[in-house]
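None of the figures in this text is laboratory data; all of them are computed from the coordinates on show. What you are looking at is a predicted structure, and each value in this text was computed from that prediction instead of being measured. Here Cβ is always computed from backbone atoms with ideal geometry, including for glycine, and neighbour counts include all displayed protein chains.
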Ligand SMILES: Nc1ncnc2c1ncn2[C@@H]1O[C@H](COP(=O)(O)OP(=O)(O)O)[C@@H](O)[C@H]1O
Ligand SMILES: [Mg+2]
């Protein structure tokens, strides 16, 4: 049995009278790719935002390895090994691709995010190690060829990969990705799937929210399905595809 990296227990989040997430429980194992799916408005992004520390939970607990993190600030969760990407791009267009990934390293360094991109100062052993780490991520995310271009000049698909690369810079044990394939065309989706499989090979677990069903079905080891904030199914892609409650939830969305 693989080690449990993330344990979510009876997690709930309400916005006034809206119960966006209701008593949600699930686990993620080391190196696992877990899909979180459900119709629009079913609570997927809210779940990710609560897990990452952007929103406080209404109730419930979140364990990252041995640590209870549900009341921990977002930055502390990152340094404990939980990193995320956002549904929409949050990038600094005037930075180069390499500088951008470097900024993501600041949680694993003692220096500040901005000190790490300044062109002066001693090259310490720590900086050399950081350079190697950043180069490795640029390779992994197929961004090495465009490492010195400004972020604002690369394609939107490349920007999507850059968001993942920047999150990986913090050396997470689990990466949360919210709709990484939105707006991508088929060959870009395939490249994204390859990237996520390669991330998993590095023993990093991935929790992926995605609307593109073929991508989810081909990529995930296990899938959790939400509807109106509640978990309605959990299982392998084959089990989820055949589950009547899941089919009903999605037929409801199509109507
Ligand atoms: N900041 C917020 N304030 C009020 N309601 C919200 C907020 N964020 C999400 N919601 C509501 O919570 C529910 C779940 O939304 P969300 O988590 O974004 O769903 P999904 O990502 O599955 O499409 C929806 O009814 C949405 O309108
Ligand atoms: Mg969403």
Exercise for the section: Divide by every residue of the chain the summed helix terms, -39500 (n - 2.57) for each DSSP H run of at least 4, and state the resulting mean residue ellipticity at 222 nm, rounded to the nearest 500 deg cm²/dmol. Expected result: -10500 deg cm²/dmol
Problem - Spin-label zone in the range 12-45 - amide nitrogen under 15 Å from a point set 7 Å from the Cα of residue 250 along the C-beta vector - result: 35-40
Practice task
Indicate the gyration tensor shape class of the range 143-255 (rounded, prolate or oblate), computed on the Cα atoms with a ≥ b ≥ c the square roots of the eigenvalues: a/c under 1.5 is rounded; otherwise a/b larger than b/c is prolate and the rest oblate.
Solution key: prolate
Problem - Inverse mean reciprocal Cα-Cα distance (Kirkwood Rh) of the chain, Å - result: 18.9
Fill in the blank from the handout: Nearest 10, in degrees from 0 to 90: the angle of helix 244-254 to the longest Cα principal axis of the chain is 70
Problem - Cα-projected label distance for residue 185 with residue 129, points at 7 Å along beta-carbon direction, nm - result: 4.3
Exercise for the section: Using only Cα atoms, tell me the angle between helix 125-140 and the longest principal axis of the chain; keep it within 0 to 90° and round to the nearest 10. Expected result: 50
Fill in the blank from the handout: Sorted on mean Cβ neighbours within 10 Å (highest first), peptides 71-80, 4-13 come out as 4-13, 71-80
Problem - Distance (nanometres) between label positions extended 7 Å along Cα→Cβ at residue 75 and residue 58 - result: 3.0
Completion exercise
The FRET efficiency for residue 241 and residue 147, from their Cβ-Cβ distance with R0 = 51 Å and rounded to 0.05, is 0.80
Exercise for the section: Tally the DSSP beta bridges in the chain and give the antiparallel ones as a percent, rounded to 5. Expected result: 55
Practice task
Measure nothing fancy, just the Cα-based angle from helix 156-168's long axis to the longest principal axis of the chain, in degrees from 0 to 90, nearest 10.
Solution key: 80
Handout entry: Mean separation of Cα contacts under 8 Å (6+ apart) over length of the chain, as relative contact order %
Key = 27
Practice task
Take peptides 158-165, 53-60 and line them up by average Cβ neighbours within 10 Å, highest first, as a rough protection proxy.
Solution key: 158-165, 53-60
Exercise for the section: Compute the label zone of residue 68 within the range 3-35: residues whose backbone N is under 16 Å from the point 7 Å along Cα-to-Cβ. Expected result: 7-12
